[in-house]
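Everything on this sheet refers to the single structure shown next.
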Amino acid sequence: MHTRTCLILLALLHLSVTPKSFAADTPKSNEQRVRDYVSAYNKRDVDAMLSMVAEDIQWLNVLGDKITVETQGKPKLRESLAANFKSTPSAKSELQWVQVTASRVAALERATWQGKSGPKSQASLSIYEFRAGLISRVYYYPAEK
């Protein structure tokens, strides 16, 4: 009877662990990766954010017919995020809508923060480009109030 009880307990333990193991091995969709990235931003979790981007990540600003590189590479992105969190500690971002293609995620992001004269808000179109399951480029378009 003791052996049978042990086998049942082992089987139950296996069942309780197996779904978690499969879930951890399931790759995240690009859309979910963007949602997780924005969530990490709102938590100020720079390490989590950097774990979702390629080593040569490019953060690009689009203005008319010009594209400028704001940051390139994980070390520069880390510096940029730290500066952003220091200068605007109340900033939060929300995805108002998301559209997905095979290798890109387009989103309308609304940023909110507490300014010196009260609450502030702006929206910007962003396009996240993926390579091998990681964010490799982010294109940011001019913000609109």
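Where a number appears in this text, it was derived from the coordinates with a stated rule and is not lab data. Note that the coordinates shown come from a computational prediction; the quantities given were computed from them, not determined experimentally. Cβ coordinates were reconstructed from backbone atoms using ideal geometry, including for glycine residues, and neighbour counts include every protein chain displayed.
Give me the pairs: first residue in segment 114-130 and free of Cβ contacts under 8 Å to residues at least 40 places away in the same chain and within 28 Å of residue 100 (Cα to Cα), second residue basic (Lys, Arg) and not in a strand (DSSP E or B), beta-carbon distance under 6 Å, and six or more apart or on different chains, which are they?
Taking only residues 6 or more apart or on different chains, the pairs are 122/145.
Considering only residues of segment 72-91 that are among the hydroxyl-bearing types (Ser, Thr, Tyr) and loosely packed, with under 13 Cβ neighbours inside 10 Å, which is farthest from residue 61 (Cα to Cα)?
It comes out as 90.
Quick one: residue 108 ticks every box in (1) in contact with a strand residue (DSSP E or B) (Cβ under 6 Å, 6 or more places away or on another chain); (2) over 18 Å from residue 30 (Cβ atoms); (3) free of Cβ contacts under 8 Å to residues at least 24 places away in the same chain; (4) among the aliphatic types (A, V, I, L, M) except a single one, so which number is it?
(2)
Determine, yes or no, whether residue 144 is touching a residue at least 24 places away in the same chain (Cβ under 8 Å) and either acidic (Asp, Glu) or surrounded by fewer than 13 Cβ atoms within 10 Å (Cβ to Cβ) (or both).
no
Of the residues in segment 48-90, how many are touching an Asp or Glu at 6+ places or on another chain (Cβ under 8 Å) and closer than 22 Å to residue 35 by Cβ?
Looking only at that region, the number is 7.
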